[in-house]
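Engineer: Below: one structure in structure tokens.
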Amino acid sequence: MDLLESVYARAKANPQRVAFPEATEEKILLTARELADQGLCVPVLVANAEEVKAAAANFGVSLEGIEVVDAFDPAFIEATVNKYVETNTLFSAKSMTRRANKDSMYTALMMQANGDIDVTFAGLVHTTGDVIMAGQSFIGMKEGATVSSCAIFKIPGYEGSEGELLGFGDSAVCVNPNAEELASIAINACDTIGALTGWEPRCALLSYSTCGSGSGELVDKVVEAVKIANEQRPDLAIDGEFQLDSAINPKVAAKKVQRESRVAGKANIIIWTNLDVGNVGVKLVQQFAKADAYGPFLLGFKKVVCDCSRGAPVSELVGNVVMSCVRAMNG
């Protein structure tokens, strides 16, 4: 059984309740249909119920076995808001009701905070910034955490240390992380991907330089980030600075990395230097290698909040939801 089969089996064994507030989108409806048909989760479409039914009919998607919650029903909003403000006393029922009437994503996140939903999945209509801001407001952050993201590629024909799979971060959140933030991204990616996959993380921080072959501020930042990450988590194999080929190709690493390394040439997680590199890198692998990118998995929230790429096909969305469900089981 490969990794994805294992993750899917874990999801089927303990189906989580997943809220989809963008439930009038065709890809969301198709994703919910596939998830329901395979028993991978309990899809809950949280939106205007009549609009959801009309959209499903228009796209030819059956809603049989899929729960539809009318996010704009006054009685439902009142009950959800009242339950939410009981434990989130900084917010007033009036302000939360106003927000719920504005956007069904807010209602879905309140349902999740109330324990009625395990995962909230959005990103086709809402921007990543929208999802993050709402997650911070309604779900909250773990103590001392910064928001970042990681994900997993499935690259046809790639023969890496984990077969066709390769973890990466951060391609969605941190625009230009400093050394401390880059170290945090690496550590969080290792913990998240390691728990999800069972891999022993081998994490490479990427650069245009390998072990001092280049110089400059960008290289210095990566070198400092590696130092910070190793000081904070000596139990993790985090190394760099490496060019991409030095990180994942054993033959190249043997030539370019003239020191001992647990990571060089066999990295199963790579960390981009900034959002520019990360975004371009992901699009290159998707467009030219026809890879699926499962994620991004937003990190740092008290509960699992999911953002997805607007250009993601249904296969990626299904995989993203399934992996998020397994993350939710692990807390």
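Engineer: Determine which member of the set Ser92, Ser137 is farther than 29 Å from Val173 by Cα and surrounded by fewer than 17 Cβ atoms within 10 Å (Cβ to Cβ).
Structural biologist: The match here is Ser92.
Engineer: Which of (1) open to solvent by 10 Å² or more (accessible area, probe 1.4 Å); (2) part of a loop (DSSP other than H, G, I, E, B); (3) touching a residue at least 40 places away in the same chain (Cβ under 8 Å) is the odd one out, the single condition Val68 does not satisfy?
Structural biologist: It fails just one condition, (2).
Engineer: Also, I was wondering about something else. If you scan the range 28-61, which residues turn out to be within 21 Å of Leu4 (Cβ to Cβ), open to solvent by less than 60 Å² (accessible area, probe 1.4 Å), in a helix (DSSP H, G or I) and touching a helix residue (DSSP H, G or I) at 6+ places or on another chain (Cβ under 7 Å)?
Structural biologist: Hits for the range 28-61 are Thr31, Leu35.
Engineer: Select from the range 101-116 the residues that are among the hydrophobic types (A, V, I, L, M, F, W, C) and either farther than 14 Å from Lys303 by Cα or surrounded by fewer than 24 Cβ atoms within 10 Å (Cβ to Cβ) (or both) and list them in ascending order.
Structural biologist: Once the filter is applied, which keeps residues that are among the hydrophobic types (A, V, I, L, M, F, W, C) and either farther than 14 Å from Lys303 by Cα or surrounded by fewer than 24 Cβ atoms within 10 Å (Cβ to Cβ) (or both), the range 101-116 yields Met105, Ala113.
Engineer: Among the residues of the range 234-250, is any modelled with pLDDT under 95 and surrounded by fewer than 20 Cβ atoms within 10 Å (Cβ to Cβ)?
Structural biologist: No; the residues of the range 234-250 include none that is modelled with pLDDT under 95 and surrounded by fewer than 20 Cβ atoms within 10 Å (Cβ to Cβ).
Engineer: May I pose another question? When the range 7-40 is examined, which residues are found to be of a type in the set (D, E, K, R) and modelled with pLDDT of 95 or more?
Structural biologist: The answer is Lys12, Arg17, Glu22, Glu25, Glu26, Lys27, Arg33, Glu34, Asp37.
Engineer: Under the condition of being surrounded by fewer than 23 Cβ atoms within 10 Å (Cβ to Cβ) and among the aliphatic types (A, V, I, L, M), which residue from the range 120-130 is nearest to Phe76 (Cα to Cα)?
Structural biologist: Val125
The values are calculated or read from the model by the stated rules, or taken from the named source; none is laboratory data. Small disclaimer: the values here were computed from a predicted structure and weren't measured. Quick reminder, even Gly has a Cβ in these numbers, built from the backbone with ideal geometry, and neighbours come from all protein chains shown. With ligands, DNA and RNA removed, areas are computed over all heavy atoms of the protein, side chains included. Shrake-Rupley method; radii C 1.70, N 1.55, O 1.52, S 1.80 Å.
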